[in-house]
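Worksheet for the structure shown next.
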Amino acid sequence: MTVEQLRSLAAYNRWANTRLLQATAVLSVEERERDLRASFGSLQGTLIHILWGERGRLHFWQHGTFVPRPTPGEYPDFASLRSAWTHHEDAYTGYLLGLTQTELDAPRALDADIYTLGELVQHTFNHSTFHRGQVTLMLRQLGHQPPATDYHDFLAEWRAGTA
């Protein structure tokens, strides 16, 4: 991964997360918490998982350890989740945009394997994208129109200066 690719993907990740958070903000508590038999049950559970994945990996890249899984009461409502996400996005994007090519190319051990930091960052972007797809499906299951989160839509907005 190059620094230029990182900048684009970091901006895309934030854009896509923000769009889904905006789309889910208008839902009722019951809709957000309804068990839709997804990987993490509900929309709220899946959003918490995306946030935890990004927070955990950021902590790992900075400190060499992951953060514990969220406790059931850690985000008692959507406002607390959104507040935590806003705080996270600032730290996450700030860290990513501060990386140099040398840092991205540096090896990192994860379990018994060695990856470059760039590979681990790419994995995290892919992880978030995968679960945003699940959120999109759950919004449809609830009868709502999800926002577009395709990378090419982001690029069009980014190049036009509207992303």
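The values are calculated or read from the model by the stated rules, or taken from the named source; none is laboratory data. Model, not experiment: these values are computed from the prediction. Ideal geometry is used to build each Cβ from the backbone, glycine not excepted, and the neighbour counts take in all protein chains shown. Remember, those area values only see protein heavy atoms, side chains included, never the ligands or the DNA or RNA. Shrake-Rupley method; radii C 1.70, N 1.55, O 1.52, S 1.80 Å.
So in segment 135-163, with the set limited to residues that are out of contact with any Leu (no Cβ under 9 Å at 6 or more places or on another chain) and surrounded by 16 or more Cβ atoms within 10 Å (Cβ to Cβ), which one is nearest to residue 18 (Cα to Cα)?
154
Got a number for residues in segment 120-146 being more than 11 Å from the chain's Cα centre (by Cα) and charged (D, E, K, R)?
Result for segment 120-146: 1.
Just for segment 19-59: of the residues that are assigned to a helix (DSSP H, G or I) and without any contact (Cβ under 8 Å) to a residue 24 or more places away in the chain, which one is surrounded by the most Cβ atoms within 10 Å (Cβ to Cβ)?
The qualifying residue surrounded by the most Cβ atoms within 10 Å (Cβ to Cβ) is 52.
Do you know which residues across segment 61-108 are without any contact (Cβ under 8 Å) to a residue 12 or more places away in the chain and open to solvent by less than 60 Å² (accessible area, probe 1.4 Å)?
Result: 64, 73, 80, 94, 98, 106.
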